[in-house]
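For reference, the structure discussed in these notes is given below.
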Amino acid sequence: MLLPPEAGAILPPMPTHDLQLALRHLRHLSPTQFVLELEGAEIAADSAPGQFVMTTVGGEGEPLLRRPMAIYRILRGDDGQATGFSLLVEVVGRGTAMLQQRQPGDVLSVLGPLGTAFQMPEPGAPAAEHLLIMGGVGSAPFPLLAENLLSEGHSVRAFIGARTAELLLCVEDFADLGVPVEISTDDGSRGHHGLVTEIVERYLNKSGGGPAVLYACGPLPMMRAVDSIARRVDLPLQVSFEAPMACGLGACLSCVIKMRDRDGWSYQRVCQEGPVFDSREVIWE
């Protein structure tokens, strides 16, 4: 069902649904990473890359609070119509550990889509390469973004970082889409031995400063470093923040970050004004 109009003061501009959704499939990627495929044509049809949902994780209302999860892929039927969506999850605590134990047919209470999406290029915008830079589970929103960019004829390249080769995410997604991928791991078990920001800098130096648009999601130090690179080479950067949140609707104010404004700075909510922001407006602390 759609949330009531009287809640409009705290709702995002796109339709938001609060639904009981059946789990279609749970696919394990590693001991701590997995994909949930959920029913939910309404949420899928109204979702854009970068948005998220709030989902329950256990049964009988325990734990009480839902968890925020980026929308990973849109599931489609043979006719191309959206039938559901998937979530890419990493076990980081009790709630996500409980979610990993759910079984097909289990029902989750899901609120979404929520938040702001990545800003797509305007029609007729100058040609540019779109560089998707991600670390860990911050990879989750990028396959859908890549799919949308490719559908509009844009050039896309992905840079994926993780602690080890086992924890790399979305490599196969980008391969299936035909997107070139550059990889780094902290321990050197696959790709560049080092940070993902190092392979981004190397690529930008080699490309000779051609027109590009940057997008980043992952650990805060990584995104701060990508912001420094973008400023140095004068390229636009959109960043997607991950933040703890209790409601996802902007009421609890548990997910605020500092942003520049006309009066100097103010707090903005990751769940409403974000999770996607122009990196130039973020006050990196």
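The values are calculated or read from the model by the stated rules, or taken from the named source; none is laboratory data. Being a predicted model, the structure only gives us computed values, none of them experimental. Cβ: placed from backbone, ideal geometry, glycine included. Neighbour counts: every protein chain shown.
May I ask you to list the residues in the range 221-242 that are in contact (Cβ under 8 Å) with a residue 40 or more places away in the chain and surrounded by 14 or more Cβ atoms within 10 Å (Cβ to Cβ)?
Answer for the range 221-242, where residues must be in contact (Cβ under 8 Å) with a residue 40 or more places away in the chain and surrounded by 14 or more Cβ atoms within 10 Å (Cβ to Cβ): Met222, Met223, Arg224, Val226, Asp227, Ala230, Pro236, Leu237, Gln238, Val239, Ser240, Glu242.
Select from the range 78-91 the residues that are loosely packed, with under 14 Cβ neighbours inside 10 Å and either in contact (Cβ under 8 Å) with a residue 40 or more places away in the chain or in contact with a helix residue (DSSP H, G or I) (Cβ under 7 Å, 6 or more places away or on another chain) (or both) and list them in ascending order.
Gln81
Residue by residue through the range 214-265, note down the ones that are polar (S, T, N, Q), more than 18 Å from the chain's Cα centre (by Cα) and modelled with pLDDT of 95 or more.
Ser228
Against the conditions (1) closer than 19 Å to His28 by Cα; (2) part of a strand (DSSP E or B); (3) aromatic (Phe, Trp, Tyr), where does Phe174 fall short? Just the number, please.
Among (1) closer than 19 Å to His28 by Cα; (2) part of a strand (DSSP E or B); (3) aromatic (Phe, Trp, Tyr), Phe174 violates only (2).
Look at the range 135-153 and say how many of its residues are farther than 28 Å from Thr16 by Cβ and part of a loop (DSSP other than H, G, I, E, B). Even if it seems obvious, please write down each step before you answer.
Within the range 135-153, the subset farther than 28 Å from Thr16 by Cβ is 135, 153.
Remaining after also requiring part of a loop (DSSP other than H, G, I, E, B): 153.
Number of matching residues: 1.
I'd like to verify a number: residues in the range 199-213 that are over 14 Å from Gly135 (Cβ atoms) and within 21 Å of the chain's Cα centre (by Cα), how many?
Within the range 199-213, residues that are over 14 Å from Gly135 (Cβ atoms) and within 21 Å of the chain's Cα centre (by Cα) number 2.
Across the range 30-59, what is the total count of residues that are of a type outside the set (Ser, Thr, Tyr), at pLDDT 95 or above and not in a helix (DSSP H, G or I)?
Looking only at that region, the number is 15.
Determine the pairs where a residue that is under 15 Å from Ala70 (Cβ atoms), located within the range 36-52, has a partner that is small (Gly, Ala, Ser) and surrounded by fewer than 20 Cβ atoms within 10 Å (Cβ to Cβ) with Cβ atoms under 8 Å apart, the partner being 6 or more residues away or on another chain.
Close Cβ pairs (under 8 Å, with a partner that is small (Gly, Ala, Ser) and surrounded by fewer than 20 Cβ atoms within 10 Å (Cβ to Cβ)) amount to Leu38/Ala22; Ala44/Ala82.
Test Pro49 against the criterion of being surrounded by 18 or more Cβ atoms within 10 Å (Cβ to Cβ) and either in the same structural domain as Val270 (by TED's automatic domain parsing) or in contact with a helix residue (DSSP H, G or I) (Cβ under 7 Å, 6 or more places away or on another chain) (or both), and give yes or no.
So Pro49 passes the test.
Only residues that are surrounded by 21 or more Cβ atoms within 10 Å (Cβ to Cβ) and charged (D, E, K, R): list them for the range 243-273, please.
Arg269, the sole residue that qualifies.
Checking the conditions here, which among Leu132, Leu111 is in a strand (DSSP E or B) and under 17 Å from Cys170 (Cα atoms)?
Leu132
Return the residues of the range 99-121 that are more than 18 Å from Val239 (Cα to Cα) and surrounded by fewer than 23 Cβ atoms within 10 Å (Cβ to Cβ); say none if nothing qualifies.
Matches in the range 99-121: Gln100, Gln101, Arg102, Gln103, Pro104, Gly105, Asp106, Val107, Ser109, Leu111.
Go through the range 66-77 and count every residue that is outside any strand (DSSP E or B) and either free of Cβ contacts under 8 Å to residues at least 12 places away in the same chain or surrounded by fewer than 17 Cβ atoms within 10 Å (Cβ to Cβ) (or both). Give the derivation first.
Of the range 66-77, the ones outside any strand (DSSP E or B) are 66, 77.
Within this subset, residues satisfying the condition of being either free of Cβ contacts under 8 Å to residues at least 12 places away in the same chain or surrounded by fewer than 17 Cβ atoms within 10 Å (Cβ to Cβ) (or both) are 77.
Number satisfying all stated conditions: 1.
Picking from Gly188, Gly210, which residue would you name as being outside the structural domain of Val35 (by TED's automatic domain parsing) and either within 20 Å of Ala127 (Cα to Cα) or surrounded by 15 or more Cβ atoms within 10 Å (Cβ to Cβ) (or both)?
When all the criteria are applied, what remains is Gly210.
All but one of (1) outside any strand (DSSP E or B); (2) farther than 25 Å from His154 by Cα hold for Lys206, so report the exception by its number.
Every listed condition holds for Lys206 apart from (2).
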